[in-house]
Amino acid sequence: MRSAGLSRLHGLFAVYKPPGLKWKHLRDTVELQLLKGLNAGKPPAPKQRVRFLLGPMEGSEEKELTLTATSVPSLVNHPLVCGPAFTHLKVGMGHRLDTQASGVLVLGVGHGCRLLTDMYDAHLTKDYTVRGLLGKATDDFCEDGRLVEKTTYDHVTREKLDRILAMIQGSHQKALVMYSNLDLKTQEAYEMAVRGLIRPMNKSPMLITGIRCLHFAPPEFLLEVQCMHETQKELRKLVHEIGLELKTTAVCAQVRRTRDGFFTLDSALLRTQWDLRNIQDAIQAAAPQVAAELEKSLGPQLDTKQLPSPGWSWESQGPSSTLGLERGAGH
């Protein structure tokens, strides 16, 4: 029973990280819950061993003692003797989230840890919702940071914000082509562009593939950002630089990841679901999509032996200025 539960724990799954929780603490909590579930399973029946026990001889009136061969259970492997059967489980972490950020966080268990490397090599995009506040600047670009400056924002309109966002997206798309090392005049590059598979060949600064405003009600505004090779600090700095481009200041009030590659909020387990059964079910449900998406993104580069079969029962460094990509791309 225990080995069957362990065999279904090889793969990838996603959890929802709440704000204020460190990713290391989250990983340790998941590992602890998995070990607790595995050790709670019914232990195998103990092996029997033959012992010669001293007892009274049957039919003897003088109460003579004799040795009798008896089968008794062996307690050598009993949990109370040797301790729990499982004391360590390999749990890997995907693209991390810092303490203040929240959202989808991908974890790998067992052989699934190798698939985390494949996810990184595929350079998959991630979606964020970023909430900003106009009118003030702080030392760390966060709303609760040390206040540095206050400014007016009455002149800021939705049209001006959309114009700045379009400029950012255009400059980053040029940079994406530059880091992909593709010749856009070739048929291969055209087909990759149509399928949305243009990716940087190696490490690169944060690249934004899409950005738009979802809600604008000064001083608050909400952005949806599609990007890769980002850190949450760079996203907060992006809000700050958008404020400067609008001739005012802005701070970031929230960073929330809504998608990491092929994992979305719908597939992320809430904190109350971080147990053995739910994680096993999540790994089973994600396995076919993991195999299909990694095969699509990596193609012949991927060792298909590492991929889970469809029927299987089981931070990068960025530039000093995010808006500076436009200036660099034009040279």
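Of the set (1) within 14 Å of the chain's Cα centre (by Cα); (2) under 15 Å from residue 160 (Cα atoms), all apply to residue 242 but (1). Residues in segment 104-147 that are in contact with a helix residue (DSSP H, G or I) (Cβ under 6 Å, 6 or more places away or on another chain), under 20 Å from residue 203 (Cα atoms) and either basic (Lys, Arg) or open to solvent by 20 Å² or more (accessible area, probe 1.4 Å) (or both): 114 only.
Residue 20 meets all of the listed conditions (1) surrounded by 11 or more Cβ atoms within 10 Å (Cβ to Cβ); (2) closer than 27 Å to residue 233 by Cα but one, namely (1). Please work out if residue 255 is outside any helix (DSSP H, G or I), crowded, with 19+ Cβ neighbours inside 10 Å and among the hydrophobic types (A, V, I, L, M, F, W, C). Considered against the rule, which asks whether it is outside any helix (DSSP H, G or I), crowded, with 19+ Cβ neighbours inside 10 Å and among the hydrophobic types (A, V, I, L, M, F, W, C), residue 255 comes out as yes.
Considering (1) of a type in the set (A, V, I, L, M); (2) touching a Pro at 6+ places or on another chain (Cβ under 9 Å); (3) not in a strand (DSSP E or B), the lone condition that residue 89 does not fulfil carries the number (2). Which residue is farthest from residue 295 (Cα to Cα), if the candidates are limited to segment 156-199 and must be open to solvent by less than 60 Å² (accessible area, probe 1.4 Å), modelled with pLDDT under 85 and in a loop (DSSP other than H, G, I, E, B)? Out of the qualifying residues, it is 186.
So that you can scan it fast, the table gives a plain yes or no per residue for (1) outside any helix (DSSP H, G or I); (2) open to solvent by less than 50 Å² (accessible area, probe 1.4 Å); (3) at pLDDT below 90:
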position: 277; (1), (2), (3): no, no, no
position: 280; (1), (2), (3): no, yes, no
position: 283; (1), (2), (3): no, yes, no
position: 287; (1), (2), (3): no, yes, no
position: 292; (1), (2), (3): no, no, no
position: 297; (1), (2), (3): no, yes, yes
position: 300; (1), (2), (3): no, no, yes
position: 305; (1), (2), (3): no, no, yes
position: 311; (1), (2), (3): yes, no, yes
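Out of 241, 230, 245, one residue alone is among the acidic types (Asp, Glu), at pLDDT 95 or above, within 18 Å of residue 141 (Cβ to Cβ) and buried (at least 20 other Cβ atoms within 10 Å of the Cβ). It is 230. Taking the criterion of being assigned to a helix (DSSP H, G or I) and of a type outside the set (Val, Ile, Thr), the residues of segment 262-275 that qualify are 265, 266, 267, 271, 273.
Hey, does segment 112-130 have a residue that's modelled with pLDDT of 95 or more and among the small types (Gly, Ala, Ser)? No, because not a single residue in segment 112-130 is modelled with pLDDT of 95 or more and among the small types (Gly, Ala, Ser). Hey, could you check segment 120-134 for residues that are of a type outside the set (D, E, K, R) and over 16 Å from residue 264 (Cβ atoms) and say which is farthest from the chain's Cα centre (by Cα)? Per the stated criteria, the residue is 134. Just one of the listed residues (67, 80) is in a strand (DSSP E or B), over 30 Å from residue 284 (Cα atoms), open to solvent by 70 Å² or more (accessible area, probe 1.4 Å) and aliphatic (A, V, I, L, M), and it is 67.
The values are calculated or read from the model by the stated rules, or taken from the named source; none is laboratory data. This is a predicted model, so every value here is computed, not measured. Methodologically, a virtual Cβ is constructed for each residue, glycine included, from the backbone with ideal geometry; neighbour enumeration extends over all protein chains shown. Ligands, DNA and RNA are stripped out before the accessible areas are found, and what is left, the full protein with its side chains, is counted by its heavy atoms. Shrake-Rupley method; radii C 1.70, N 1.55, O 1.52, S 1.80 Å.
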